[in-house]
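Trainee: Handing you a structure now.
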Amino acid sequence: MQTTSKVRPLAVTAMLSAVGCVLMMLDFPLPMLIPAFVKMDVSELPALLASFSLGPVYGILVCLLKNLLAAIFHGSTLGIGEVCNFLMGAVFTGVAGLIYQRRKTRRSAVAASLVGAAAMAVASVPINFFFSYPVYAAAFGGMDAIIAAYQELNPGMNSLLGCLIAFNLPFTLVKGLVDAALCFLIYKPLSPVLHGRVGRPA
């Protein structure tokens, strides 16, 4: 029984990581809102499920594993996008999981999701400013080309920091809120699987 209790979280983590990888591959652009190289996906959803059901460490682990799988099977950004996605997802699921772990109620889950999404949005600015965009600029044509893509949406944008605050921060917040909303829709139906109660007597 003890061995089973240790294996189950690992099995659930592996399953959610695979689902997260698939969802990451189903990303899509929203060029009317943000440059097309920044894409929308809901791949943090499985990690948030793991964080709420198993704890924040498992949520972060799902973020790591799904990005490793995506880099192997779908990588097209020299690993830059996967590292950035992991860092932001780890902030989201780690913060949300820590808050929920202290008080496991529906209200706490809502608060945890909101704070986690906000933390991810704020973290997206320094992560992109100091890491991902400088690497992208060096590899794919310079910072001027990146800023020019934002200027097509708002000609007044003339600095990377301004672009990230005006576009990426709210975009990432919405992305987190979408993940949270989907989590609340499917968490209860999936709860028996996540908590290992499938097949047990009611």
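Trainee: For a test of the definition: using alpha carbon positions, the gyration tensor, and the 1.5 limit on a/c, classify the stretch 115-169 as rounded, prolate or oblate.
Mentor: Because a/c hits 1.5 or more and a/b fails to exceed b/c, the stretch 115-169 counts as oblate.
Trainee: Counting only residues 5 or more places away or on other chains, whose amide H sits under 5 Å from the amide H of Met40 once H atoms are built in the peptide plane?
Mentor: Correct list: Phe28, Leu30.
Trainee: With a 1.4 Å probe and all protein chains left in place, how much accessible area per residue does the chain have, in Å²?
Mentor: Working: 10460 Å² over 202 residues.
The answer is 52 Å² per residue.
Trainee: Hey, another quick one. Rg/Rh for the stretch 71-117: what does it come to with C-alpha atoms and Rh from Kirkwood? Write out the running numbers ahead of the final one.
Mentor: On the way: Rg = 14.1 Å, Rh = 11.8 Å.
Across the stretch 71-117, the Cα-based Rg/Rh ratio is 1.20.
Trainee: For the chain, which whole-number percentage of the solvent-accessible area (1.4 Å probe, protein heavy atoms only) is attributable to carbon and sulfur atoms?
Mentor: Values: 7370 of 10460 Å².
Answer for the chain: carbon and sulfur cover 70 percent of the accessible area.
Trainee: Still on this structure: If you average 1/r over all unlike Cα pairs in the stretch 55-167 and invert the result, what Kirkwood radius do you get in angstrom? Spell out each step's value before the answer.
Mentor: On the way: mean 1/r = 0.0647 Å⁻¹.
This gives a value of 15.5 Å.
Trainee: In whole percent, what relative contact order does the stretch 70-202 give with Cα contacts below 8 Å and a gap of six or more residues?
Mentor: Relative contact order here is 24 percent.
Trainee: If you take the alpha carbon radius of gyration of the stretch 103-147 and divide it by 2.2 N^0.38 Å, what ratio comes out, to two decimals?
Mentor: Against the compact-globule rule of thumb, the ratio is 1.76.
Trainee: Ranked highest first by average number of other Cβ atoms within 10 Å, how do 54-62, 159-167 line up?
Mentor: Result, highest mean Cβ count within 10 Å first: 54-62, 159-167.
Trainee: Taking springs between alpha-carbon atoms closer than 10 angstrom, which of Ser113, Ser17, Ser132 fluctuates most in the Gaussian network model of the chain?
Mentor: In the Gaussian network model the winner is Ser132.
Trainee: For Lys175, list the lysines whose Cα falls under 22 Å from its own Cα; do not include residues on the same chain fewer than 8 positions away.
Mentor: The reachable lysines, counting only those whose Cα sits under 22 Å from Lys175, are Lys39, Lys66, Lys188.
Trainee: Taking the alpha-carbon set of the chain, what are its Rg and Dmax in Å?
Mentor: So, for the chain, Rg and Dmax equal 17.9, 62 Å respectively.
The values are calculated or read from the model by the stated rules, or taken from the named source; none is laboratory data. Note that the structure is a prediction, hence the values are computed from the model and not measured. In this analysis, Cβ positions are derived from the backbone assuming ideal geometry, glycine residues included, and neighbour counts consider all displayed protein chains. Quick note on the areas: whole protein, heavy atoms, side chains included, nothing else; ligands and nucleic acids left out. Shrake-Rupley method; radii C 1.70, N 1.55, O 1.52, S 1.80 Å.
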